[in-house]
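Notes for the one structure printed next.
The values are calculated or read from the model by the stated rules, or taken from the named source; none is laboratory data. These figures come from a predicted structure and were not determined experimentally. Glycine also receives a Cβ, built like all others from the backbone with ideal geometry; neighbour counts cover every protein chain displayed.
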Amino acid sequence: MDAILYWNDVSLEANRISHTNGKNEQTGPTLSSRALAIVHLAMYDALAGVANNPSFPHYLTGLPVPNPAASADAAVAGAAYTTLLNLFPSQQDFFDTSLSAVSLPNPSFDEGFNYGRTVALAILNDRKNDPNAKADGYIPSMARGKHRPDPDDPDQGYHAPYYGAASKCFAVTVRHGLNSPPQPGDTSYTNALREVRSKGIAPELMATVPAVSLSVPPVTRRTVDQTLIGLYWGYDGASGLGTPPRLYNQIIREIALNKPNPNTSALNTPLENARLFAMVNVAMADAGILAWEQKYIHNLWRPVLGIREHDPSMGPSGIGNNNIDNDCHSLWLPLGAPSTNSSKKNFTPPFPAYPSGHATFGAAAFHMTRLFYGVTPGDRNSDNLFQGLTFVSEEMNGVNKDNKGTVRPRHVRNFPGGLWQMIEENGRSRVYLGVHWVFDAFKVDSANNPIFDQKTGGVDLGLTIAEDIYSNGMTKSTV
């Protein structure tokens, strides 16, 4: 048994449970990505210490040298158990059971476990001053184009308005930013509005938009495939599912279990998996920090406000106008982020649109995996890393239910374009739910094809984060 994959599975289950048991431990995209990074950094540094391999340098400096007799698997267990218990204290019984399945009462295990615990405490101490995701004292702007709560969920509040700017990064060398998004009145903004108005609308309102718009380029209503894509990539903190970082880890596990390491032509060793999953989760933790910093810098409204209040006469800063802009739809509602396993309405997430967190997390995680498996930095093309593989999203696994109590069918999906196809599809999925503009993920050309490396949207930010961390060898950040 690979100890890294074992405890990775435990940590993903902890994420799922934390969004299900009502204890609110490390919930939401920001804190869950931080938690997974802490657990995987602790496992990596503990295993690297026991392995003492110069090709696998420590993340933290100044760590003690373990006893030569220390068990490597026990060191991983000590690191994982200690960090998980600190982050999710209500789940101690689950962690105790997970530990009892792999522990061996002997000096070798004790030496390794204690070393892993020491490393874990050092990682936790390094992140002890991280901010929380609360919004105490945050005052929203009433200006046109700025983020406010979903009018269909007016009490939703604001998630993590201070988190990004107040957090130190994990491993990037620069606090990467983005260009400003398109604004109302820009052609690219209007095109994006028309797209999400048709593609992301609630099913009961579908007849209120034309089947094919007369805009240039023309926009059609959401198709069956697009509805499925929107749901497939959900994981919007739902009960029984957790957050997007859990989903992306699940997909990368399939690669680690099935694809040979390019350096050895064999499956990853535990040490290689330790580094892979540490780099992936550190990239997502920095994605959570920098995406949320950018979100509240640009503070762009979501489609549910932008479409309903598109005419200047609408909203709290409205001005007199009796000839309503035809692109305004004052009753528009989105398909919405899926409230899986709940009777609540689907919703628009409680933070600004630009950049998309899904797009940033997904690009950071998947591109880091591409780099680990030999894709050249700067490559923005399809890959074969999911060739012969399929993946079932738990949003559509034949078990979980929609918010009307109906079990969604199990859907098996393949990705002939590999992780790059996932990066693009994951970014677009949020338009099909009606919770994002397309430029929240990436810039597009006149035919709505994505353009990358434009410092626009979450995919560009995620790719940049991954390449920065990979090139510097996951060195501890100073920014």
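Points worth noting:
- Residue 236 satisfies every condition listed in (1) under 17 Å from the mean Cα position of the chain (by Cα); (2) part of a helix (DSSP H, G or I); (3) under 29 Å from residue 477 (Cβ atoms) except (2).
- Residue within segment 124-131 that is assigned to a helix (DSSP H, G or I), outside the structural domain of residue 230 (by TED's automatic domain parsing) and either charged (D, E, K, R) or over 24 Å from the mean Cα position of the chain (by Cα) (or both) present: yes
- Of all positions in segment 19-27, none carries a residue that is in a helix (DSSP H, G or I), at pLDDT 95 or above, touching a Gly at 6+ places or on another chain (Cβ under 9 Å) and not polar (S, T, N, Q).
Yes/no matrix, rows are residues, columns are (1) within 16 Å of residue 460 (Cα to Cα); (2) surrounded by 20 or more Cβ atoms within 10 Å (Cβ to Cβ); (3) of a type in the set (A, V, I, L, M, F, W, C):
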{"site": "396", "(1), (2), (3)": "no, yes, yes"}
{"site": "401", "(1), (2), (3)": "no, no, no"}
{"site": "418", "(1), (2), (3)": "no, yes, no"}
{"site": "421", "(1), (2), (3)": "yes, no, no"}
{"site": "428", "(1), (2), (3)": "yes, yes, no"}
{"site": "431", "(1), (2), (3)": "no, yes, yes"}
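- Only one entry in 386, 366, 351 is aromatic (Phe, Trp, Tyr) and not in a loop (DSSP other than H, G, I, E, B), namely 366.
- Note on segment 104-123: residues that are crowded, with 18+ Cβ neighbours inside 10 Å and either of a type outside the set (A, V, I, L, M) or not assigned by TED's automatic domain parsing to the domain that holds residue 37 (or both) total 9.
- Selection count where residues are surrounded by fewer than 14 Cβ atoms within 10 Å (Cβ to Cβ), touching a residue at least 24 places away in the same chain (Cβ under 8 Å) and of a type in the set (Ser, Thr, Tyr), scope segment 150-194: 1
- Residue in segment 199-218 that is without any contact (Cβ under 8 Å) to a residue 40 or more places away in the chain, surrounded by 14 or more Cβ atoms within 10 Å (Cβ to Cβ), among the hydroxyl-bearing types (Ser, Thr, Tyr) and over 26 Å from residue 288 (Cα atoms) present: yes
- Members of segment 177-233 found to be over 22 Å from the mean Cα position of the chain (by Cα) and among the aromatic types (Phe, Trp, Tyr), listed by number: 189
- Some residue of segment 418-425 being part of a helix (DSSP H, G or I), assigned by TED's automatic domain parsing to the domain that holds residue 285, charged (D, E, K, R) and touching a helix residue (DSSP H, G or I) at 6+ places or on another chain (Cβ under 8 Å): yes
- Any hit, segment 239-259, residues being surrounded by 20 or more Cβ atoms within 10 Å (Cβ to Cβ), on the phi > 0 side of the Ramachandran plot and outside the structural domain of residue 33 (by TED's automatic domain parsing): yes
- Within segment 83-94, one or more residues are assigned to a helix (DSSP H, G or I), without any contact (Cβ under 8 Å) to a residue 24 or more places away in the chain and either over 24 Å from the mean Cα position of the chain (by Cα) or over 23 Å from residue 288 (Cα atoms) (or both).
Residue-wise test of (1) surrounded by 24 or more Cβ atoms within 10 Å (Cβ to Cβ); (2) aromatic (Phe, Trp, Tyr); (3) under 29 Å from residue 466 (Cβ atoms).
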residue: 330; (1), (2), (3): no, no, no
residue: 334; (1), (2), (3): yes, no, no
residue: 339; (1), (2), (3): no, no, no
residue: 344; (1), (2), (3): no, no, no
residue: 353; (1), (2), (3): yes, no, yes
residue: 369; (1), (2), (3): yes, no, yes
residue: 377; (1), (2), (3): no, no, yes
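- Residue within segment 292-302 that is outside any helix (DSSP H, G or I) and either on the phi > 0 side of the Ramachandran plot or touching a Ser or Thr at 6+ places or on another chain (Cβ under 8 Å) (or both) present: yes
- Top-ranked residue in segment 31-77 [being hydroxyl-bearing (Ser, Thr, Tyr) and within 27 Å of the chain's Cα centre (by Cα); ranked as nearest to residue 110 (Cα to Cα)]: 44
- Of all residues making up segment 239-262, the number that are in a loop (DSSP other than H, G, I, E, B), within 25 Å of residue 5 (Cβ to Cβ) and touching a residue at least 24 places away in the same chain (Cβ under 8 Å): 6
- Any chance residue 317 is in a loop (DSSP other than H, G, I, E, B) and touching a residue at least 12 places away in the same chain (Cβ under 8 Å): yes
- Every residue from segment 103-135 that is within 18 Å of residue 44 (Cβ to Cβ) and either among the hydrophobic types (A, V, I, L, M, F, W, C) or free of Cβ contacts under 8 Å to residues at least 60 places away in the same chain (or both): 113, 114, 117, 118, 119, 120, 121, 122, 123, 124, 125
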